[in-house]
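A short worksheet on the structure shown next.
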Amino acid sequence: MTDLTFRALRDANAGRAPHIAPINSWQVHQWLLKLGEAIRAYNKGTEPNLIEEIADVVIVADLLAQRMGFGLGEAVRSKFNERSKKVGYPKEL
């Protein structure tokens, strides 16, 4: 199995989302709920649950990026590189 790419996630999410609910139908609190679940799992120290919740956060972040019209991969690359430059880290994504 190869590493997952942001593009593969985006394509799979775009295909699956209509089977769950239209991306535009989600309310802000539904997006934030997934982050809250990950924080609760972290605070409880339940690693298997935390791994699942972090995965949910990434999946939902990709759906939100799609809703807003940009790619999560490019946003992450841009932010990583911006932060690296700020702290003096020489490598970029």
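The values are calculated or read from the model by the stated rules, or taken from the named source; none is laboratory data. Source: prediction; values computed, not measured. Don't worry about glycine lacking a Cβ; one is built from the backbone with ideal geometry, like all the others, and counts go over all protein chains shown. Note: accessible area is taken over every heavy atom of the protein model, side chains too, but ligands, DNA and RNA are not part of it. Shrake-Rupley method; radii C 1.70, N 1.55, O 1.52, S 1.80 Å.
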Cβ-Cβ FRET estimate between I20 and S84, R0 fixed at 35 Å, reported to 0.05: 0.50
Carbon + sulfur, % of accessible area of the chain - ligands and nucleic acids excluded, 1.4 Å: 60
The chain: projected area of the alpha-carbon convex hull, averaged over directions, in nm²: 7.8
Accessible area (Å², per residue) of the chain, counting only protein heavy atoms and a probe of 1.4 Å: 77
Two-decimal ratio, region 1-45, of alpha-carbon radius of gyration to 2.2 N^0.38 Å: 1.48
Computed accessible area, K34, all protein chains, 1.4 angstrom probe, square angstrom: 50
Potential extension, Q30-E47 segment - 0.36 nm per residue separation minus Cα distance: 3.8 nm
